[in-house]
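The values are calculated or read from the model by the stated rules, or taken from the named source; none is laboratory data. On a predicted model such as this, the values are computed, not experimentally measured, just so you know. So basically every Cβ, Gly included, is an ideal-geometry build from the backbone, and we count neighbours across all protein chains shown.
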Amino acid sequence: MDQYRIAVIVGSLRKDSFNRQLANAIIRLAPPEFTFSHIEIGDLPLYNQDDDEHQAEPVIRMKRAVNEADGLLFVIPEYNRSIPGVLKNALDHGSRPYGQNVWAGKPAGVLGASPGNTGTAMAQQHLRNILSFLDIPTQNQPEAYVQVREGLFDEQGEIGEGSRPYLQNWMDHFVEWVKAGVWLRSRTT
């Protein structure tokens, strides 16, 4: 495969969120054959099974973008020791109606940033539980519970020198994970 298309799902709606900054910075560590598209989830209506037959345009748009992706990158904050509601809403929309799960089989990576000492460890674990049920094979190692502190990002918004080796290693593993997942999917479909 010459190009790998990755859907980026940021679990924060805040314009200047640390996780949006992290998503924008870490994708610059990927090789040129990887392209990344941010998926808008903030305009999705609350999931309601009654709407499965007539899904709103933002839901259709999101599902189309996920369908076109070869892999998924979740960059999430931690809200009250779990995932943000907006992210859970997007996951629910993408998995419905029953039997039409657009997430299934897409190799994924999960990371997140927070000023707290444990980063986004609890949120990531909760998300991994959901992704497992949705049949999303998720990179397990290395984990990336990024603590936001001075030097994480440089003046240009790139990953700072002190964090670059660790996050480059994470991205290198993610690249291999996606390539292996795409190869496996091509053999089973």
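Observations on the structure shown:
- Contacts under 9 angstrom Cβ, first residue in the stretch 3-24 being of a type in the set (Lys, Arg), partner assigned to a helix (DSSP H, G or I), 6 or more apart: Arg5/Glu68; Arg14/Arg20
- Figure legend. Inter-residue proximity from the stretch 34-46: first residues touching a residue at least 24 places away in the same chain (Cβ under 8 Å) and among the acidic types (Asp, Glu), second residues assigned to a strand (DSSP E or B) and buried (at least 18 other Cβ atoms within 10 Å of the Cβ), beta-carbon distance below 9 Å, spacing 6+ or different chains. No pairs are indicated.
- Considering residues of the stretch 173-185 that are of a type outside the set (Phe, Trp, Tyr) and touching a residue at least 12 places away in the same chain (Cβ under 8 Å) only, the residue surrounded by the most Cβ atoms within 10 Å (Cβ to Cβ): Val178
- Residues that are under 19 Å from Pro58 (Cα atoms) and either within 13 Å of the chain's Cα centre (by Cα) or outside any helix (DSSP H, G or I) (or both), drawn from the stretch 75-85: Pro84
- The conditions of being in contact with an Asp or Glu (Cβ under 8 Å, 6 or more places away or on another chain), in a loop (DSSP other than H, G, I, E, B) and among the polar types (S, T, N, Q) are met by Asn101.
- In the condition set (1) under 29 Å from Asp51 (Cα atoms); (2) surrounded by 16 or more Cβ atoms within 10 Å (Cβ to Cβ); (3) among the polar types (S, T, N, Q), Asn129 is compliant with all but (2).
- Only residues that are polar (S, T, N, Q), part of a helix (DSSP H, G or I) and either at pLDDT below 90 or out of contact with any helix residue (DSSP H, G or I) (no Cβ under 8 Å at 6 or more places or on another chain) (or both) were counted in the stretch 136-189, giving 3.
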